[in-house]
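Have a look at the structure below, then the notes.
The values are calculated or read from the model by the stated rules, or taken from the named source; none is laboratory data. Predicted model only: the values in this text are computed from it and were never measured. Counting neighbours? That spans all protein chains shown, and the Cβs are built from the backbone with ideal geometry, glycine included. The accessibility values were calculated without ligands, DNA or RNA, using every heavy atom of the protein model including side chains. Shrake-Rupley method; radii C 1.70, N 1.55, O 1.52, S 1.80 Å.
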Amino acid sequence: MRFSREQPIFTTRAHVFQIDPNTKKNWVPASKQAVTVSYFYDVTRNSYRIISVDGAKVIINSTITPNMTFTKTSQKFGQWADSRANTVFGLGFSSEQQLTKFAEKFQEVKEAARLARDKSQEKIETSSNHSQASSVNGTDDEKASCAGPADTHLKSENDKLKIALTQSAANVKKWEIELQTLRESNARLTSALQESAASVEQWKRQFSLCRDENDRLRNKIDELEEQCSEINREKEKNTQLKRRIEELESELREKETELIDLRKQSEIIPQLMSECEYVSEKLEAAERDNQNLEDKVRSLKTDIEESKYRQRHLKVELKSFLEVLDGKIDDLHDFRRGLSKLGADN
């Protein structure tokens, strides 16, 4: 609790955690977001405390003792154990610099608590020695007062009783204030403890829900990974199909080139046909000129007609036809030479 006698000496912001009381391993969030965490100095008791309040809920109320140690467990997280609260507090900072400052202040406050403890022990020892000396002197004064008048002795005793009663009344009032303060602090801590217990149950339920959601998301991730694998397999198939299409397109271009060549060759056929007709006319003229060679010319016409038939239906045999035609043309030249020679003889 924050009392008027306590003053803040250092303040920062951090996420507050407490160790799980069941497992003693897992951290349980004590605040939903970053909250104010402060070092307070109690002037009356000469003590130091770390206090953090989230709304109306006290989540840290830890008195620093010389035996405590603040440990950095990561670049942005630190912890310390509080045996009085029977727990371990953890703080998550937004930067390593804030963690370092908090740790340095913890060490400084821890050293101041040690000095205060040592000084308190020295005061106790001094007070004890002074009490023993006063007891001895009081005995001497009593001896002297016994020797003096009785009224002086009674007055001295009365004064001592008045001083003792005044001190007792002041002490009783002080103790009543302290008791009332402790009662209020205890009530607030009890309320905070109950709220903490309710928060722990709520966090447990939320953790269970988060764990179920995490399992569901993991299953979804597995399904998505399987779908990604199927997509990758489909991509590989598409890549293979693209390669096959490219190969087929290449073959198609080659076939088109061959078709163009064949068309060009087919354009030569009419010319060859025309030449064949011309040769036929020449043969017919030669038949009229020489009836003696009618059988031979008739055989030549048959060969020519067979050659025409092969040209129309079998393009592949065109070359052989040309060779046969060349042979026939040579025969025709021989025939012409024969006719010419025959004419010359006549």
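A few notes on this one:
- Only a single item in (1) at pLDDT below 80; (2) open to solvent by 90 Å² or more (accessible area, probe 1.4 Å) is not met by Gln311, and it is number (2).
- Filtered residues of region 57-111 (kept if within 36 Å of the chain's Cα centre (by Cα) and aliphatic (A, V, I, L, M)): Val58, Ile59, Ile60, Ala81, Val88, Leu91, Leu99, Ala103
This table checks each residue for (1) open to solvent by 90 Å² or more (accessible area, probe 1.4 Å); (2) under 24 Å from the mean Cα position of the chain (by Cα); (3) within 30 Å of Lys32 (Cβ to Cβ); (4) modelled with pLDDT under 85.
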position	(1), (2), (3), (4)
Ile177	yes, no, no, yes
Ser185	no, no, yes, yes
Ser199	no, no, yes, yes
Leu209	yes, yes, yes, yes
Glu213	no, yes, yes, yes
Arg218	yes, yes, yes, no
Glu223	yes, yes, no, no
Gln227	yes, yes, no, no
Glu234	yes, no, no, no
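- Count of residues meeting criterion [open to solvent by 30 Å² or more (accessible area, probe 1.4 Å), more than 15 Å from Thr12 (Cα to Cα) and within 26 Å of the chain's Cα centre (by Cα)] in region 29-56: 2
Residues checked against (1) assigned to a helix (DSSP H, G or I); (2) among the hydrophobic types (A, V, I, L, M, F, W, C); (3) surrounded by fewer than 10 Cβ atoms within 10 Å (Cβ to Cβ):
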position: Thr257; (1), (2), (3): yes, no, no
position: Lys264; (1), (2), (3): yes, no, yes
position: Leu272; (1), (2), (3): yes, yes, no
position: Cys276; (1), (2), (3): yes, yes, no
position: Asp303; (1), (2), (3): yes, no, no
position: Gly327; (1), (2), (3): yes, no, no
position: Leu332; (1), (2), (3): yes, yes, no
position: Arg337; (1), (2), (3): yes, no, no
position: Leu342; (1), (2), (3): yes, yes, no
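- Counting the residues of region 238-255 that are under 41 Å from the mean Cα position of the chain (by Cα) and of a type in the set (Ser, Thr, Tyr) gives 1.
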